[in-house]
Amino acid sequence: MPDDKRILVEIKNVGLQLNQRVILEDVDLKIHSGEIISIIGPNGAGKSMLLKVILGLIQPSKGSVTRDAELRVGYMPQKLSVESLMPLTVARFLMLSPGATLEKSRTITAELGIDNYLNSPIQAISGGEFQRVLLARALLNSPNLLVLDEPAQGVDITAQAYLYNIITNMREKLGCAILMVSHDLHLVVAGTDRVVCLNKHICCSGNPATITRHPEFIHLFGSAVADNLAIYTHKHDHRHDLEGNIIHD
Amino acid sequence: MIDWLMQLDFIGRALLAGLGIAILAGPLGSLMIWRRMAYFGDTLAHSTLLGLSLALMLQINVYFGLFGISLLVASLMALLVRQKWVASDAILGLLSHTMLAIGLITATQVRGVRVDLLGYLYGDILAVNMQDIALIYLIVVVVISALFYLWRWLLAATVDSDLARCEGVPVEFTNWALIIMLAAVFAIAIKLVGVLLITALLIIPAAAARRFARSPETMIIIASIFGCIAVVVGFKASLAWDWPTGPAIVAAAATLFVLGLLRKAV
């Protein structure tokens, strides 16, 4: 990665209210090129809304959002259903992306193992296949930032691990930053550079090894979850000081 | 060509007008069912009575009145559906019947305005003149060209507007363009098939075409062809048995739909 410090998106002091209900308050977040950030938090914590603010799909009620001029986003929405009265094959769905070419779409679908389904109606494929199709569509835009809203929902456990594997490999291949929202704490926390715990505001954030010991994290998810996760995150070749900085062995 | 057109009798003119609307109904009706806009169409149709009465009251061209009101109501719907206070079907129902009520009051109470309500409800395709036909085919050319130009964006925004927006598709622009096209088509088609049946004429051929199509493009083409068949068959039935023409066309389209159900989906 040529410029590690490049900031793709910076949001400052962002607040969002819908129908007089506070969805987000005082959220600050910087997304650097090439990093993987996981946003976790309970239901109704505003995770999807935060993604939409970052993507410019929703205007925040206050605060600022700054996007890099060369930002290219690949977005995988949480929900997408194609009306059954619309005849649309998987291949055609992918080609709806303005960045798509036939060759590009062939390469990406082969990599994701969905090239056999290209001629199937999009309404007919399984949940796991559909999530991979959505990921392929996001990748067709040649993103330097992939935004994934619960990429593994509706996917069984083994396929989940497979999907997260693909996603973390994407960074190596494309050098793109990844911002994802997830409920699957185990799978997410291990592959990620930075974990952000959101519950309307950012409760705590840090690298995965230290975050599970943060009092706010334990408060949010309970100590059983935190202990469980701590085991997962200790397979690293480095240690962390009290602030969470990396100390290489 | 012009000579031939001028020599058409009222049946020839009506057929030509019906075919023009059927051609437009293919792509626009398909977009409406893909976007779940059937109720949107009904609301638009119910509002046009006010446009008609206002045009008669102000003594302006009827089409201006119809198009103006369609556009106004379509824009209102597009804006109101976005708010989250009231569910969008409630908003459409409220708007639809409020506009109909105001339209009926205007049509019956304003001095000097006399609206043939029955003709307005069922349409009067046999009364079209050459001016109507010229306008219909002008709109056919404009709408088909616009659809051709906007097609990829329209599809992307139909499947998922957030995703399309992230990929740089001008979703707002595309949606407004569609609303203007729908308003124009409703304005011209109301006179031919009437308020009660206009949505059916747009939607039924498209729904019938679904089972025969594997791509959005084949679906809109088949829908246009089905619409044209329905118009021709409806006319024949109307002439043979003295049925009202608009309802005969819609019944023919519905028959095509039922026949389509018997066929295995592609």
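The values are calculated or read from the model by the stated rules, or taken from the named source; none is laboratory data. Predicted, not measured: the structure shown is a model, and the values here were computed from it. Neighbour counts are summed over all protein chains in view; Cβ atoms, including those assigned to glycine, are modelled from backbone coordinates with ideal geometry. The protein model used for the area step is the full one, side chains on, heavy atoms only, and it has no ligands, DNA or RNA in it. Shrake-Rupley method; radii C 1.70, N 1.55, O 1.52, S 1.80 Å.
Would you mention how many residues in segment A:97-147 are within 28 Å of residue B:170 (Cα to Cα), assigned to a loop (DSSP other than H, G, I, E, B) and of a type in the set (Gly, Ala, Ser)?
Selection size over segment A:97-147: 4.
Going by what's in this entry, would residue A:126 be described as hydroxyl-bearing (Ser, Thr, Tyr) and within 14 Å of chain B (Cβ to nearest Cβ)?
no
Which one is farthest from residue A:222 (Cα to Cα), of the residues in segment A:3-58 that are among the acidic types (Asp, Glu) and open to solvent by 30 Å² or more (accessible area, probe 1.4 Å)?
Going through the qualifying residues, I end up with A:3.
Can you name the number of the only condition in (1) under 16 Å from the mean Cα position of the chain (by Cα); (2) assigned to a strand (DSSP E or B) that residue A:153 fails?
(2)
Looking at residue A:104, is it touching a residue at least 12 places away in the same chain (Cβ under 8 Å) and closer than 30 Å to residue B:221 by Cβ?
Considered against the rule, which asks whether it is touching a residue at least 12 places away in the same chain (Cβ under 8 Å) and closer than 30 Å to residue B:221 by Cβ, residue A:104 comes out as yes.
Can you name the number of the only condition in (1) surrounded by 22 or more Cβ atoms within 10 Å (Cβ to Cβ); (2) among the hydroxyl-bearing types (Ser, Thr, Tyr); (3) assigned to a strand (DSSP E or B) that residue A:66 fails?
Status for residue A:66: all satisfied but (1).
Quickly run through segment A:140-153 and pick out the residues that are within 18 Å of residue A:114 (Cα to Cα) and away from chain B (no Cβ under 12 Å).
Correct list: A:151, A:152, A:153.
Based on this model, can you work out whether residue A:80 counts as assigned to a loop (DSSP other than H, G, I, E, B) and either within 14 Å of chain B (Cβ to nearest Cβ) or open to solvent by less than 20 Å² (accessible area, probe 1.4 Å) (or both)?
Considered against the rule, which asks whether it is assigned to a loop (DSSP other than H, G, I, E, B) and either within 14 Å of chain B (Cβ to nearest Cβ) or open to solvent by less than 20 Å² (accessible area, probe 1.4 Å) (or both), residue A:80 comes out as yes.
For the structure I just gave you, tell me whether residue A:53 is of a type in the set (Val, Ile, Thr), within 27 Å of residue A:199 (Cα to Cα) and more than 21 Å from the chain's Cα centre (by Cα).
Judged against the criteria, residue A:53 is not a match.
In segment A:83-93, which residues are in a helix (DSSP H, G or I) and within 11 Å of chain B (Cβ to nearest Cβ)?
A:91, A:92, A:93
Does residue B:225 satisfy being open to solvent by 10 Å² or more (accessible area, probe 1.4 Å) and closer than 19 Å to residue B:141 by Cα?
yes
(1) farther than 25 Å from residue A:154 by Cα; (2) outside any loop (DSSP other than H, G, I, E, B); (3) out of contact with any Pro (no Cβ under 6 Å at 6 or more places or on another chain): which one isn't true of residue A:51, the others all being true?
(1)
Consider residue B:185 against the criteria (1) at pLDDT below 90; (2) over 19 Å from residue B:252 (Cβ atoms): it satisfies all of them except one. Which criterion is unmet?
Result: residue B:185 fails condition (1) only.
Here is a list: B:163, B:104. Which entry is at pLDDT below 95 and either more than 14 Å from every other protein chain (Cβ to nearest Cβ) or not in a helix (DSSP H, G or I) (or both)?
B:104
I'd like the full set of residues that are surrounded by 15 or more Cβ atoms within 10 Å (Cβ to Cβ) and either more than 21 Å from residue A:172 (Cβ to Cβ) or within 12 Å of chain B (Cβ to nearest Cβ) (or both), limited to segment A:106-122.
Once the filter is applied, which keeps residues that are surrounded by 15 or more Cβ atoms within 10 Å (Cβ to Cβ) and either more than 21 Å from residue A:172 (Cβ to Cβ) or within 12 Å of chain B (Cβ to nearest Cβ) (or both), segment A:106-122 yields A:115, A:117, A:118, A:120, A:121, A:122.
Among (1) within 18 Å of residue B:228 (Cα to Cα); (2) aliphatic (A, V, I, L, M); (3) within 9 Å of the chain's Cα centre (by Cα), which single condition is residue B:208 missing?
(3)
Take residue B:257 and tell me if it is in a helix (DSSP H, G or I) and either open to solvent by less than 20 Å² (accessible area, probe 1.4 Å) or in contact with an Asp or Glu (Cβ under 9 Å, 6 or more places away or on another chain) (or both).
no
Any residue at all in segment B:4-12 that's at pLDDT below 90 and touching a Phe, Trp or Tyr at 6+ places or on another chain (Cβ under 9 Å)?
yes
What pairs can you find where one residue is in segment B:31-60 and within 14 Å of another protein chain (Cβ to nearest Cβ), the other is open to solvent by less than 40 Å² (accessible area, probe 1.4 Å) and not in a helix (DSSP H, G or I), and their Cβ atoms are less than 6 Å apart, with a gap of 6+ or different chains?
Listed pairs, sorted by first residue: B:34/A:83; B:34/A:86.
Looking at segment B:162-181 only, could you name the residues that are touching a residue at least 24 places away in the same chain (Cβ under 8 Å) and β-branched (Val, Ile, Thr)? Write out each step before concluding.
Keep residues of segment B:162-181 that are touching a residue at least 24 places away in the same chain (Cβ under 8 Å), which gives B:174-181.
Residues satisfying the conditions are B:174, B:179, B:180.
How many residues does segment A:181-196 hold that are modelled with pLDDT of 85 or more and open to solvent by less than 10 Å² (accessible area, probe 1.4 Å)?
Residues that pass the stated criteria total 3.
With respect to residue A:171, is the statement that it is within 13 Å of the chain's Cα centre (by Cα), open to solvent by 50 Å² or more (accessible area, probe 1.4 Å) and at pLDDT 75 or above true?
no
Quick one: is residue B:184 free of Cβ contacts under 8 Å to residues at least 60 places away in the same chain, more than 14 Å from chain A (Cβ to nearest Cβ) and open to solvent by 10 Å² or more (accessible area, probe 1.4 Å)?
Taking the combined requirement at face value, the residue does not satisfy it.
Show the residue pairs that are 6+ apart or on different chains and have beta-carbon atoms under 6 Å apart, the first residue being within segment A:41-53 and within 12 Å of another protein chain (Cβ to nearest Cβ), the second being surrounded by fewer than 20 Cβ atoms within 10 Å (Cβ to Cβ).
That search, which allows pairs on different chains as well, returns A:48/A:78; A:52/A:58.
Take segment B:61-85 and flag every residue that is free of Cβ contacts under 8 Å to residues at least 24 places away in the same chain, farther than 15 Å from residue B:180 by Cα and part of a helix (DSSP H, G or I).
B:80, B:81, B:82
Looking only at segment A:166-179, count how many residues are closer than 17 Å to residue A:194 by Cα and in a helix (DSSP H, G or I).
6
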